[in-house]
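The values are calculated or read from the model by the stated rules, or taken from the named source; none is laboratory data. Here the structure is a predicted model, which is why all the values come from computation and not from measurement. Because the Cβ atoms are built from the backbone with ideal geometry, glycine has one as well, and the counts that use them run over all protein chains shown.
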Amino acid sequence: MSTNRSSLSAALVAIAIALSTACSTAPEPEPPRDEAASQALLAGTAWRLTAYRSGDSSVYLDRAAMDAAGDGDAFSLALDGGRVGGLASCNRYFGEAAWDGPRGISITGLASTKMACLDEPYGLSEYDFFVALSSASGWDLANGALMLGGRAADGSSVELAFSSPGR
């Protein structure tokens with residue numbers, strides 16, 4: 001009888017742990033059903049680039065090191081309705097965002113200030129960042145990370161991953 005109680009107790013403990021773990025993780029937001037919901041879900045967040053991939057080229061940004069160096073805003077993205085903006089390496093940029101259905105986006109008309117960025121301390125040029133943003137055709141939000149994806153002019157796959165310090 002004590003073996004059955006021990007087995008039952010162990011099973012109940014395992015179920016309790018599984019339930020507490022499942023309940024402790026924040027649920028992902030519902031996928032938006034239209035453009036307005038997409039815009040509202042992504043607006044008001046300072047997205048910070050953590051990874052870039054275009055064809056065979058990949059760059060992973062160490063945000064903690066960037067923060068420590070005072071470059072925490074570099075390669076950032078803000079979406080506000082039909083506008084997009086942020087800071088690339090050393091230049092502020094701005095442009096337009098058009099929403100195509102619940103998970104479609106296109107970023108066009110990018111322009112930036114013209115400061116001379118003397119180096120590429122994080123392995124990514126502003127030009128490559130702007131080309132990747134302009135190539136975006138879709139987005140996804142998973143585990144608090146924003147993913148933009150699309151195809152470059154040469155047909156290669158482009159992916160940008162952003163995190164948010166507040167999410």
Inset, instruction - Report, by residue number, each residue of the stretch 75-86 that is loosely packed, with under 15 Cβ neighbours inside 10 Å, in contact (Cβ under 8 Å) with a residue 24 or more places away in the chain, part of a strand (DSSP E or B) and not acidic (Asp, Glu). - result: none
Inset, instruction - Give the residues of the stretch 87-116 that are surrounded by 15 or more Cβ atoms within 10 Å (Cβ to Cβ) and hydrophobic (A, V, I, L, M, F, W, C), sorted by residue number. - result: LEU87, ALA88, CYS90, ALA97, TRP99, ILE105, ILE107, LEU110
Inset, instruction - Please verify whether the stretch 47-67 includes one or more residues that are modelled with pLDDT under 90 and crowded, with 16+ Cβ neighbours inside 10 Å. - result: no
Inset, instruction - Within the stretch 104-129, track down each residue that is at pLDDT 85 or above, farther than 18 Å from ARG53 by Cβ and among the hydrophobic types (A, V, I, L, M, F, W, C). - result: LEU110, ALA111, MET115, ALA116
Inset, instruction - Test SER164 against the stated conditions and say whether it is among the hydroxyl-bearing types (Ser, Thr, Tyr) and more than 14 Å from TYR52 (Cβ to Cβ). - result: yes
Inset, instruction - State which residue is nearest to ASP73 (Cα to Cα) when the search covers only the stretch 112-167 and only residues that are in a helix (DSSP H, G or I) and acidic (Asp, Glu). - result: GLU126
